[in-house]
Amino acid sequence: MSIEGSSQMFVQVIQGQVADPGQLRAALDRWMQELAPGAEGWLGSTSGVTEDGRSIALVRFESEDAARRNSERPEQDAWWAETSKLFTGEVTFSESNRVDVDANGNPDEAGFVQVMRGRGSDPERARELMSQDSAKWAEFRPEMIGSVGAEHEGGAYTMVLYFTSEEAAREGERKEVPPELKANMEEMDALSIGVPEFFDLKDPWLHSAT
């Protein structure tokens, strides 16, 4: 994945529940082999299933038009008609053209991915805070090799964090935050409405257009 700075990309976030992660992985592999070559404007995807069967996918396109064209392809419609049967309940879709990306390495090489979904009271301020002190955060948490943040309607957001490994991520979580970064983190926490939902992807499925 080649991501750096703010981006004009468009993302779709798909969330659901599955009984058999292996079947969903096989369906995605089939999409990569059969449909990806004809998906103009598709940039890549990050997806996986948590240990309790929650599925999450963030699909990246170069524009909203590219995403629409992909959705309108007959082969895409046929693939989804079959793949949707793998979900045990409702599947939700969220979209965003307000995307912030950052990379301190190659996110496609991540061994662990954590997705956070929640809602904030001031999206603009949150974007400002996330753009501050990026070099200091990279030094403090070198195991975090990339992130993608997407803002949805009503202050909702999806944040994807890419780590070298789960072990390194857990070790980083236990580190004491330096004073110069703590105020930033506390203000971010204060902007949060309710408790975010976390998706820990211990076997992330990472794909990018070649």
Sole residue being more than 13 Å from the chain's Cα centre (by Cα), open to solvent by 30 Å² or more (accessible area, probe 1.4 Å) and closer than 30 Å to D20 by Cα, chosen from G154, G111: G111
Scanning the range 48-103 for residues that are touching a residue at least 60 places away in the same chain (Cβ under 8 Å), out of contact with any Lys or Arg (no Cβ under 8 Å at 6 or more places or on another chain), within 15 Å of A19 (Cβ to Cβ) and open to solvent by 80 Å² or more (accessible area, probe 1.4 Å) gives T88, E90
Please go through (1) touching a residue at least 60 places away in the same chain (Cβ under 8 Å); (2) of a type in the set (S, T, N, Q); (3) over 24 Å from R127 (Cβ atoms); (4) open to solvent by less than 30 Å² (accessible area, probe 1.4 Å) for S45 and return the number of the only condition it doesn't satisfy. (3)
Kindly indicate the residue of the range 158-185 that is modelled with pLDDT of 95 or more and in contact with a helix residue (DSSP H, G or I) (Cβ under 7 Å, 6 or more places away or on another chain) and also farthest from Q12 (Cα to Cα) among those meeting that condition. F163
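How many residues are in contact with a Phe, Trp or Tyr (Cβ under 9 Å, 6 or more places away or on another chain) and touching a residue at least 40 places away in the same chain (Cβ under 8 Å) when one looks only at the range 20-38? Let's see the steps before the verdict.
Filtering the range 20-38 down to residues in contact with a Phe, Trp or Tyr (Cβ under 9 Å, 6 or more places away or on another chain) leaves 24-25, 27-31, 34-36.
Applying the additional criterion that residues be touching a residue at least 40 places away in the same chain (Cβ under 8 Å) yields 24-25, 27-28, 30-31, 34-36.
Looking only at that region, the number is 9.
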Would you tally the residues in the range 114-133 being surrounded by 15 or more Cβ atoms within 10 Å (Cβ to Cβ), farther than 21 Å from T46 by Cα and out of contact with any Gly (no Cβ under 6 Å at 6 or more places or on another chain)? 3
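Sort through K202, K175, K136, K182 and tell me the only one that's in contact (Cβ under 8 Å) with a residue 60 or more places away in the chain and open to solvent by 60 Å² or more (accessible area, probe 1.4 Å). Full working, then the answer.
Values: K175 fails: in contact (Cβ under 8 Å) with a residue 60 or more places away in the chain; K136 fails: in contact (Cβ under 8 Å) with a residue 60 or more places away in the chain; K182 fails: in contact (Cβ under 8 Å) with a residue 60 or more places away in the chain.
Residue meeting the stated conditions: K202.
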In the range 1-15, is there at least one residue being over 30 Å from K136 (Cα atoms), in contact (Cβ under 8 Å) with a residue 12 or more places away in the chain and open to solvent by 70 Å² or more (accessible area, probe 1.4 Å)? no
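The values are calculated or read from the model by the stated rules, or taken from the named source; none is laboratory data. All values derive from a computational prediction rather than experimental measurement. All Cβ positions, glycine included, derive from the backbone under ideal geometry; neighbour counts span all protein chains shown. Protein only, heavy atoms only, side chains kept; ligands, DNA and RNA dropped before computing areas. Shrake-Rupley method; radii C 1.70, N 1.55, O 1.52, S 1.80 Å.
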